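The values are calculated or read from the model by the stated rules, or taken from the named source; none is laboratory data. A quick note: this is a predicted structure, and the numbers were derived from the prediction, not measured. Cβ: placed from backbone, ideal geometry, glycine included. Neighbour counts: every protein chain shown.
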Amino acid sequence: MTPTITAFERSPDRGKGQARDMRVRWALEEVRQPYDVRLLSFRQMKEPAHLALQPFGQIPTYEEDDLVLFETGAIVLHIAERHPGLLPQDINARARAISWMFCAVNTIEAPILELQVAKFAEANESRAAQRMPLVKDRIRDRLGPLSTRLGDAEWLDGGFSAGDVMMVTVLRRLNVSGLLEEYPNLAAYVARGEARPAFKRAYEAQFAVFKATEDE
Ligand code: GTB
């Protein structure tokens with residue numbers, strides 16, 4: 001059965017590929033698995049039908065036959081395990097690629113989310129302005145070692161993997177912060193990911209959703 005994912009009917013990012021369905025779309029495009037998308041309003045995301053799929057009322061979800069998944073790390077891992085192309089055959093290299101997936105959502109994404117909170121949720125509070133330099137430094141504490149580890153390599157561990165899908169999409173959240181540019185090899189790494197044909201197809205697909213609703 002063709003898998004179905006859920007995504008924002010109107011993404012707050014205006015089609016910039018920042019919402020987390022982007023990483024699932026990209027993984028599906030990398031393995032050439034066609035998929036359907038069910039678009040949800042914010043109200044629909046909090047209704048029982050969607051809460052039965054995603055306990056927190058968030059997107060994306062993934063449905064395939066009688067399997068329902070939430071959490072993008074788990075969804076991308078499932079796709080990578082089901083199809084060749086996103087995880088190495090060698091068992092140790094495979095385990096390392098999965099470590100990078102966890103690293104992306106755990107070690108790297110967590111401080112980046114703090115930046116989003118400081119920018120938007122606390123934007124009117126003076127304490128947000130005070131916190132901002134500390135939040136940025138916490139991100140630098142993660143980007144520095146990541147940059148050192150990546151060095152001149154093309155991808156995180158040998159060939160392109162699901163670890164790179166997760167890491168590139170997480171780092172893209174820094175796009176307008178200026179932080180990524182402080183680490184030219186990480187900026188180049190993100191650009192390499194964005195240049196992949198599968199990334200471009202995924203980006204265009206989510207952008208088409210924004211374009212379709214833009215004038216409504
Ligand atoms: N840990 C979960 C996962 O990885 O699947 C997190 C899922 C999640 O945070 N989903 C967000 C959501 O549904 C959308 S992606 N939020 C609604 C809610 O919680 O009620 C986060 C997101 C939203 C908007 C932008 N943006 O506008 O730039 C970027 C990222």
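At-a-glance table
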quantity: Breaking point among (1) within 20 Å of residue 25 (Cα to Cα); (2) surrounded by 16 or more Cβ atoms within 10 Å (Cβ to Cβ), for residue 213; calculated: (2)
quantity: Which listed residue, of 67, 86, 51, is surrounded by 15 or more Cβ atoms within 10 Å (Cβ to Cβ) and not polar (S, T, N, Q); calculated: 86
quantity: Residue selected from region 1-10 under the condition of a type in the set (Val, Ile, Thr) and surrounded by fewer than 20 Cβ atoms within 10 Å (Cβ to Cβ), by the criterion nearest to the ligand (Cβ to nearest atom); calculated: 4
quantity: Odd one out for residue 119, checked against (1) more than 19 Å from residue 174 (Cβ to Cβ); (2) more than 16 Å from the chain's Cα centre (by Cα); (3) among the charged types (D, E, K, R); (4) within 11 Å of the ligand (Cβ to nearest atom); calculated: (1)
quantity: Filter pass, residue 113 being outside any helix (DSSP H, G or I) and not assigned by TED's automatic domain parsing to the domain that holds residue 23; calculated: no
quantity: Selected residue [assigned to a loop (DSSP other than H, G, I, E, B) and either in the same structural domain as residue 25 (by TED's automatic domain parsing) or more than 27 Å from residue 44 (Cα to Cα) (or both)] from 152, 164; calculated: 152
